[in-house]
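Step one of this worksheet: look at the structure below.
The values are calculated or read from the model by the stated rules, or taken from the named source; none is laboratory data. Here the structure is a predicted model, which means the values were calculated and not measured. Ideal geometry is used to build each Cβ from the backbone, glycine not excepted, and the neighbour counts take in all protein chains shown. Remember, those area values only see protein heavy atoms, side chains included, never the ligands or the DNA or RNA. Shrake-Rupley method; radii C 1.70, N 1.55, O 1.52, S 1.80 Å.
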Amino acid sequence: MTGRHTADVIVIGAGLVGACCALALSEAGMEVCVVDRRGPAGGTSAAGEGNVLVSDKLAGPELALALRSRRLWDELGSRLPLDFELEAKGGLVVGRDEEEMAAIGDLADRQAAMGVEVERLGPGDLARAEPLLAPDLAGAAYYPQDACLQPMLATAGLLAAADRAGARLMLGIEAAGGTARSGAGMTISTSAGVLGAGAVVNAAGPWSGEVARGLGSTIPVKPRRGSILVTEPLPLAVRHKVYEGDYVAAVVDDASSLACSAVVEATRSGTLLIGSSRQFVGFDATPDVGVLGELARRALRLFPFLSRVRALRTYSGFRPASPDHLPIIGADPAVPGLWHATGHEGAGVGLAPATAELIAALVTGTTPPVDPGPFSPSRFAPAPGARCNG
Amino acid sequence: MAEGQALRFTFSDRVLVGRAGDTVASALIANGIRSWRRTRRGGRPRGIYCGIGTCFDCLVDIGEEVAVRACLRPLQEGDRVAPSGSVGPAGP
Amino acid sequence: MTPPLSVDVAVIGGGPAGMAAASAATGLGCRVGLVDSYPLLGGQVHRQAWRRLGAGQDPVAGLPRRFRGLGADPGVRLHLGSSVWHARQVTGGFELLLTTGESVHAGAVVLATGAVELVLPFPGWDLPGAMTPGAAQALLKGQGRLAGRRVVVAGSGPFLLPVAAGLVRAGATVVAVAEASRLRPGVLGRPGVWRGLSSSPAKLAEGAGYLSALLRRRVPLLAGWAVTACRGRSQVEEVRLSRLAPDWAGWDRERWVRADTCCVGYGFVPSMELARALGCGERPRRGLPGSAVVVGPDQSTSTGGVFAAGEVCGISGAAAAELEGLLAGRAAACWVGKRGGRPGPPTASVRRRLARQRSFAVALEQLGRIGAGWTAWLEDETPVCRCEETTWAKVRQAVGAGARDLRGVRGLTRAGMGYCQGRVCGPALALAVAGLAGRGLAEVGDLATRSIAWPVPLGTIAHSAGPG
Ligand SMILES: Cc1cc2nc3c(=O)[nH]c(=O)nc-3n(C[C@H](O)[C@H](O)[C@H](O)COP(=O)(O)OP(=O)(O)OC[C@H]3O[C@@H](n4cnc5c(N)ncnc54)[C@H](O)[C@@H]3O)c2cc1C
Ligand SMILES: Cc1cc2nc3c(=O)[nH]c(=O)nc-3n(C[C@H](O)[C@H](O)[C@H](O)COP(=O)(O)OP(=O)(O)OC[C@H]3O[C@@H](n4cnc5c(N)ncnc54)[C@H](O)[C@@H]3O)c2cc1C
Ligand code: FES
């Protein structure tokens, strides 16, 4: 089967990453078709917090990508056809004692060397910046570049812009499998028939491992569950994104048992979002109030006034996690015509535009603005000697 | 109709009288007050809607208690009732 | 953390279903914990006057005689004025977490959480004075207060009649009672309808009683008419009654009437949050939004040790709720090993009576269907979600942008994200989105959450939600 030629590029997944890729590829002059089995932001992009952070990145390739992405979000903020509540509210990483402050300061120094704006706050400054914080905290690092947005609106805005740039949306359609075409490109089989394209971009988030398998490849993406508590709407009570200094440790803590760290922030509608938990439990979505208890206990340590504030609901989602906590962006080493844009774990919102920019450059053969090497899918391929031919 | 002991309360500085057995909502309605807060976005007036605690349209602040459902809260002598949103959980 | 209270059977909900379940279980020797959000027992249909809350008052005297024993029964512990915000399985049974911070451990659970009213938005439905029929009724039964002086009662279903009759008896002027569906003779010929209706002469007589009270006071009774708008400066002053076209797609006649209050409701939707938290199997409701718990002949759900009774299993009326409660209470007692002598009527006869009540309910459901064209009366600026003030235009835009289910629409419009978590707007939104997206009700899903059934202070979550 060759499949009728549907587009130059088929993007599988209409989450934030897929939507960004669709827009970037369309604007690079490609004919793009986006396929999603649900609607826009039908997966993790509707189940996260929407932060665009530089503060939580270790000094390294991910931070370079994050800084680039932060700039691109600003641009998108001024040109997408929909207000997606982009706001540079700033991040505060707080420390409980001198030891935590030393670790926070250490990271801040290394980030600053890569161009991150960061400022140290002592207890007095911290209390002025965030008056309802617990009084016994040792201080904080303040990151004015940290921003947030509403991911579902952003996805809809990106897709609307992609649509204007000529991209085609095929929603409610599942990609089941596919193969490389002889010559060039791929055919994929979907619930709406067989489609053919010069290139396929796998942007299926936590499901991208399954999608890759269907397309004859393997990438090591696993779902990492996270839960969020949402409070009743309040008058402005928390001004920044505030999180504990041990957050970065929780991200790289690979134990499948619960890793938790308090993250508190207000949304434009007045509700507070309280995270964040990390669990490897497959795609199990069973409610787990033990996790909610842990989130609440940690949040109260930061903001004691929250004790009387009511939670209205909770939601959870599955982060697309890669084993080395770096995203997987680039050409598949084994299947020609297949590209991956996935594995962003808890940073896909922030990293989506720069990821799309990389993909568009790689697919069209131009020079990318950020070194794509560290994100290449081939880093997981078996060593050359172990590869069997045929 | 039901007779209960008279209870005095205030709504935004007006002194009003309800009776034992009233909810805060029914006491306001009996005093001719049908809306007691405005919505956050559109500033639209709101009073009771479902009457059984489901819709949260009837929110009031009562003294230190914030965003209380008026249709579920038994009226008490001396209640200081105010439109919801006049005090935040974080303090005035 | 406070040590949890241990009982054999925990009953959630103190309406007829929950009270009957608690009575049956305690009669078989179980220790029972009965939780209800309201400060008095009774639920919706047996709502008591709140003046019974006062010191020196008997808090069960307003209940039908058969339930009054619950007040003094040493085997029953009442947790009133407190809501279950989460229920989960733990070793050896179940744990209920209460908004008061208490937790209750039980060997078996009876879910009797009832239903809420099904409402359809219309222009002006968020003006003060526009409310549900249940709101007017609760004010009257609970507080002895009238919701207004000149009232229009409208919507669909048998519940409109007792509400209107109660209002006129208490001295209000009921300007009109408008039932949106039209009773066409052909409907009676549908399978089961005639048999169902004739199976419960007592109910027909009850309905006739309300009708004659309304006719005696010359209240106009309209069939095939609906409230399609109301307007006023700061509260309801005028109400538009429209004679609906088939399938409700528009109307051929309309009339503005002066009224200060309009009560509009289209039936009920089961309250499923806790059933979902406990993983109970559910079934869609034919042609209606929301789902109901699936139960076996003994009211058992698909989750072992969890039983369900009353409107949470489908809308069958108060008499059916009570019979189901009796069966559920017995089965829950049996589950925890309490069989004892079996007081009360034999199970077979309870089931026979229940079957009659259910066939009556099924017949009524056939008479009143929501016409697919109801959204014709919405205007662009009509708020569809009261909490977030999401307009009808926004909902249509969201579907236009590709949203294909309720969660998608919620993410783009905030409809259903407010305090009530979509309890009010969710069912109507499901109907509307299914229509716009050309999908079935089951496909567009609903907004009922699973982890937090009612708003709960973070301090309470921190204090009572330990590891599972
Ligand atoms: C609790 C939580 C908090 C978070 N907070 C943040 C944050 O603050 N900042 C941040 O940057 N990131 C955050 N994240 C992470 C972020 O949400 C994700 O990295 C990001 O949404 C991933 O986007 P995506 O487009 O790759 O995946 P998704 O949004 O999951 O999109 C994948 C899409 O692919 C579709 N799909 C899957 N399989 C198929 C198939 N076979 N055929 C067709 N379609 C298919 C799905 O329907 C889905 O729409 C958080 C995540 C969680 C869970
Ligand atoms: C507003 C309203 C008015 C009604 N009036 C009538 C009427 O006059 N006549 C009639 O025949 N039918 C009426 N009905 C229909 C009515 O639901 C049934 O006839 C009957 O009351 C059903 O009994 P039930 O026990 O299943 O539920 P209900 O009587 O509704 O009882 C359910 C109880 O569960 C409690 N509950 C629910 N969730 C929780 C929780 N998480 N934690 C603690 N408690 C909880 C509620 O507070 C409620 O008291 C009314 C329904 C509503 C919604
Ligand atoms: S009127 Fe609906 S909660 Fe009070």
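Just a few scattered comments:
- Of A:G343, A:G337, A:G330, all but one fail to be touching a residue at least 60 places away in the same chain (Cβ under 8 Å) and touching a helix residue (DSSP H, G or I) at 6+ places or on another chain (Cβ under 8 Å); the exception is A:G343.
Results for (1) open to solvent by 10 Å² or more (accessible area, probe 1.4 Å); (2) away from chain B (no Cβ under 12 Å); (3) away from ligand 3 (no atom under 16 Å from the Cβ); (4) within 22 Å of C:P455 (Cβ to Cβ), shown as yes or no for each residue.
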| position | (1), (2), (3), (4) |
| --- | --- |
| C:V9 | no, yes, yes, no |
| C:G18 | no, yes, yes, yes |
| C:A22 | no, yes, yes, no |
| C:V32 | no, yes, yes, no |
| C:V35 | no, yes, yes, yes |
| C:Y38 | yes, no, no, yes |
| C:L41 | no, yes, yes, no |
| C:Q44 | yes, no, no, yes |
| C:Q48 | no, no, yes, no |
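- Being in contact with a helix residue (DSSP H, G or I) (Cβ under 7 Å, 6 or more places away or on another chain) and either under 28 Å from C:C280 (Cβ atoms) or open to solvent by 10 Å² or more (accessible area, probe 1.4 Å) (or both) holds for only one residue in A:L273, A:L236, A:L292, and it is A:L292.
- Among the residues of the stretch C:274-306, the ones that are more than 14 Å from chain A (Cβ to nearest Cβ), farther than 21 Å from C:V424 by Cα and open to solvent by less than 10 Å² (accessible area, probe 1.4 Å) come to 3 in all.
- Among (1) surrounded by fewer than 20 Cβ atoms within 10 Å (Cβ to Cβ); (2) within 20 Å of the chain's Cα centre (by Cα) - the single one C:P346 does not satisfy: (2)
- Qualifying residue in the stretch A:166-175 (condition: assigned to a loop (DSSP other than H, G, I, E, B), closer than 30 Å to A:E265 by Cα, touching an Asp or Glu at 6+ places or on another chain (Cβ under 9 Å) and away from chain C (no Cβ under 14 Å)): no
- Matching strands (runs of 3 or more DSSP E) fully within the stretch A:86-159 where at least 3 residues are touching a residue at least 40 places away in the same chain (Cβ under 8 Å) and aliphatic (A, V, I, L, M): A:91-95
- Taking the numbered list (1) more than 14 Å from every other protein chain (Cβ to nearest Cβ); (2) farther than 30 Å from C:R231 by Cβ; (3) open to solvent by less than 20 Å² (accessible area, probe 1.4 Å) in turn, C:I315 passes all entries but (3).
- Qualifying residues in the stretch A:178-195 (those that are of a type outside the set (D, E, K, R) and not in a strand (DSSP E or B)) - the one most open to solvent (accessible area, probe 1.4 Å): A:S182
- Within the stretch C:388-468, helices (runs of 4 or more DSSP H) holding 3 or more residues that are more than 16 Å from ligand 2 (Cβ to nearest atom) and touching a residue at least 24 places away in the same chain (Cβ under 8 Å): C:392-400, C:406-413, C:426-437, C:441-444
- For C:T100: the one exception among (1) within 16 Å of ligand 3 (Cβ to nearest atom); (2) among the polar types (S, T, N, Q); (3) within 21 Å of C:L278 (Cβ to Cβ): (1)
- Some residue of the stretch C:171-192 being closer than 27 Å to C:S234 by Cβ and within 12 Å of ligand 2 (Cβ to nearest atom): no
- Set side by side, the residues A:V34, A:V52 differ, and just one is within 12 Å of another protein chain (Cβ to nearest Cβ), more than 6 Å from ligand 1 (Cβ to nearest atom) and either open to solvent by less than 20 Å² (accessible area, probe 1.4 Å) or under 29 Å from A:G115 (Cβ atoms) (or both), which is A:V34.
- Filtering the stretch C:113-141 to residues that are among the polar types (S, T, N, Q) and at the interface with another protein chain (Cβ under 9 Å from one of its Cβ atoms) leaves C:T132, C:Q137.
- For C:G93, the conditions (1) at negative phi; (2) more than 10 Å from chain B (Cβ to nearest Cβ) all hold with the exception of (1).
- Scanning the stretch A:340-386 for residues that are surrounded by fewer than 24 Cβ atoms within 10 Å (Cβ to Cβ) and hydroxyl-bearing (S, T, Y) returns A:T364, A:T366, A:T367, A:S376, A:S378.
- Among the residues of this structure, C:G129 counts as one that is open to solvent by less than 10 Å² (accessible area, probe 1.4 Å), away from ligand 2 (no atom under 14 Å from the Cβ) and under 24 Å from C:V257 (Cα atoms).
- Annotation: of all residues in the stretch B:25-84 being touching a residue at least 60 places away in the same chain (Cβ under 8 Å) and of a type in the set (D, E, K, R), the one that is nearest to ligand 3 (Cβ to nearest atom) is B:D79.
- Condition met for A:A88 (in contact with an Asp or Glu (Cβ under 8 Å, 6 or more places away or on another chain) and within 20 Å of A:L358 (Cβ to Cβ)): no
- Check on A:A59, within 14 Å of chain C (Cβ to nearest Cβ) and more than 16 Å from ligand 3 (Cβ to nearest atom): no
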